[in-house]
Amino acid sequence: MVVGTGLIGTSIALAMRERGAEVLLTDRDAAALRLAVELGAGDALPGGALSDGVHAEPADLAVLAVPPAAVAVTLLDAQKRGLATAYTDVASVKALPLQQAADLGCDLTAFVAGHPLAGSERSGPSAARADLFLGRPWALCATPDAAPETVAAVRGLARACGAMPVEVDAAEHDRAVALVSHAPHVVSAAVAARLTGADDVALGLSGQGVRDVTRIAASDPRLWIGILSANSAPVAEVLEAVATDLAVAASLLRDGSDDAAQHVADLLLRGNAGRSRIPGKHGGDQPAYATVQVVIPDRPGELAMIFQAAGIAGVNIEDVTIEHSPGRPLGVLELAVVPEAAERLAAELRARGWSVPG
């Protein structure tokens, strides 16, 4: 059973349906519930909303796909009504909802707090995908009270969705996501907010860099207010450290001296070092890829033909980005490949008529 048919809840439902599971859905938003059902994510709980739905027998597992502030009360209501034998949630904050659940008297033997670290700047069931969690970490924050069978059920859910279960303490989880998710979102929003007063010249000169930095700023502010409020102290610590770095950099840049520039360079170098520590797509160290650039016309089927050419050349594309040319019907496609395959791919693409610089 999935309570809440937003992006994450519907994606979990779609993933489980692909594996043949029976999934019941419920949501206070009737339109979201209807769309999730139409997308094939499951069947609506008879009666519709959680508060009045009826059920013949408890589900094996109920996923509470609700905001952090609603986890505890939703868990209490679901347990009172016997909706499932085991429960988990997907909120991106763990310590506060767990404390609230304990204060309300929820049965924590049947609950394991969870957080799949996957998502999108888009929201709602229309953005859901069955493959959203493939290869992604899924944090499990079980309390000492959690029954082994409950932990096993939630771990099994994560694996069935293609994710990698990671068992972690709730407080440690919240500090970690403050650093790698919550604070970066605020920083992205702060950069994007500068664009509200930008003139047409500045906006016309915007390129992939500003798009990369501000992509997540397009997320639903209402959702993020709930997340940030529930994890306020750890997020504030990270933002204060970032603000200090930025304030020092601004002061040094105003100084304008060569010595000041060297201090700013130190921040940039630390940025390089930090970026390199982000694990690669297969885990472990971030590998060094070569980039093959291709000038690509903006017309249907072009990307598919380029990927087909890479397959014929026996080259795996590790990552891809597109730099669009404003006002022109073309762009530059950047294909990340292992260094030894770069020239082979470039030669194949040139042979098929694409312009490959270099």
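About the Cα centre of the chain, how large is the charge dipole given +1 on each Lys and Arg Cβ and -1 on each Asp and Glu Cβ? Please answer in debye to the nearest 20.
In total the dipole reaches around 620 debye.
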**Message:** So I have [x] 0.97; [y] 1.02; [z] 0.94, and one of them is Rg/Rh (Cα atoms, Kirkwood Rh) calculated from this model. Which one is it?
**Reply:** [y]
**Asked** With charges set only on the Cβ (+1 for Lys and Arg, -1 for Asp and Glu), what does the dipole of region 290-351 come to about its Cα centre, in debye to the nearest 20?
**Response** 240 debye
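Provide the net charge surrounding G209, with neighbours chosen by a C-beta distance below 12 Å and charges set as Lys +1, Arg +1, Asp -1, Glu -1. If you can, show how the numbers build up before the last one.
On the way: positive: R211, R215; negative: D212, E323.
Charge balance near G209 sits at 0.
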**Fill in**
Ranked output for segments 108-116, 13-21 by mean other Cβ atoms within 10 Å, highest leading, reads 108-116, 13-21
**Asked** Anyone know which of P46, P68, P184 comes out most mobile in the 10 Å Cα GNM of the chain?
**Response** P46
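Where in the chain are the DSSP H helices whose C-alpha atoms run 20 Å or more along the long axis and whose mean Kyte hydropathy is at least 0.0? Spell out each step's value before the answer.
Values: long enough: 232-255 (34 Å, 0.93); 258-276 (27 Å, -0.45).
In the chain, the long hydrophobic H runs are 232-255.
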**Prompt:** Along the positive direction of the dipole of region 174-255 (beta-carbon charges: Lys, Arg +1; Asp, Glu -1; about the Cα centre), which of V186, W224, V238 reaches farthest?
**Reply:** W224
**Prompt:** By count of other Cβ within 10 Å, fewest leading, how are W138, W224 ordered?
**Reply:** W224, W138
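With charges only on Cβ, +1 for K and R and -1 for D and E, what is the dipole size of region 174-255 about its Cα centre, in debye, rounded to 20? Don't skip to the answer; put the middle values down first.
Numbers: 6 positive and 9 negative charges, 31 e Å.
Charge dipole of region 174-255: 140 debye, to the nearest 20.
For L75, L25, L35, what ranking results if the residue with the fewest other Cβ atoms within 10 Å of its Cβ goes first?
Details: L75 29, L25 26, L35 18.
Placing the least packed residue first, the sequence is L35, L25, L75.
Give, as a single signed number, the net charge of other residues whose beta carbon lies under 15 Å from the beta carbon of A41, with Lys and Arg counted +1 and Asp and Glu -1. Can you show the working numbers first?
On the way: positive: R17, R19, R34, R129; negative: E18, E22, D27, D29, E38, D43, D131.
So the surrounding residues net to -3.
No value in this document is a laboratory result; all are computed from the given coordinates. All values reported here derive from a predicted model rather than from experimental measurement. Every residue, glycine as well, gets a Cβ built from its backbone with ideal geometry; the counts of neighbours run over all protein chains shown.
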